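The values are calculated or read from the model by the stated rules, or taken from the named source; none is laboratory data. Here the structure is a predicted model, which is why all the values come from computation and not from measurement. Methodologically, a virtual Cβ is constructed for each residue, glycine included, from the backbone with ideal geometry; neighbour enumeration extends over all protein chains shown. Side chains are part of the model used for accessible areas, which takes the heavy atoms of the whole protein and leaves out ligands, DNA and RNA. Shrake-Rupley method; radii C 1.70, N 1.55, O 1.52, S 1.80 Å.
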Amino acid sequence: MERVQDSTGVSGCSFCGKSHKEVKHLIAGPTVYICDECITLCNKLIAELVEPLKDDPGGHNLCCSFCGKSWNKVERKLIAGPTVYVCHECITRCNEIIAEEVAKAQSSSGSDPNDS
């Protein structure tokens, strides 16, 4: 699978195609990237999920492009991009990574996350 790259050769989101300059956070998987905006969309899709998939949609051997788990081994569901997929567990980890990055940035700038 080819990584999405902008004109400078820096990879962009494998789901929406935005470059690292167009988003706040870009998280790398083994062969894919996902941006904070797509993570937010995935969170909404996961929240709307009523029940997990019981049959492989389309008869393909689909798997998460980040962790490699097949569609029938993921906790809830796979979310599709144009040519890549991400599972609920990897989205949860992406949320944790972004929270860690934000906390680190706030502590290095001396700002208090509780200040409004």
Log entry, pairs with first residue in the range 87-114 being under 27 Å from Ser65 (Cα atoms), second being among the acidic types (Asp, Glu) and modelled with pLDDT of 90 or more, beta carbons closer than 9 Å, six or more apart or on different chains, reads Cys94/Asp36; Ile98/Asp36
Scan the range 74-86 and give yes if some residue there is more than 14 Å from the chain's Cα centre (by Cα), modelled with pLDDT under 90, open to solvent by 30 Å² or more (accessible area, probe 1.4 Å) and farther than 24 Å from Ala103 by Cβ, otherwise no. yes
From the options Lys44, Lys21, residue that is out of contact with any helix residue (DSSP H, G or I) (no Cβ under 9 Å at 6 or more places or on another chain), in a helix (DSSP H, G or I) and at pLDDT 85 or above: Lys44
Being hydroxyl-bearing (Ser, Thr, Tyr) and modelled with pLDDT under 90 is the requirement here; does Ser65 meet it? no
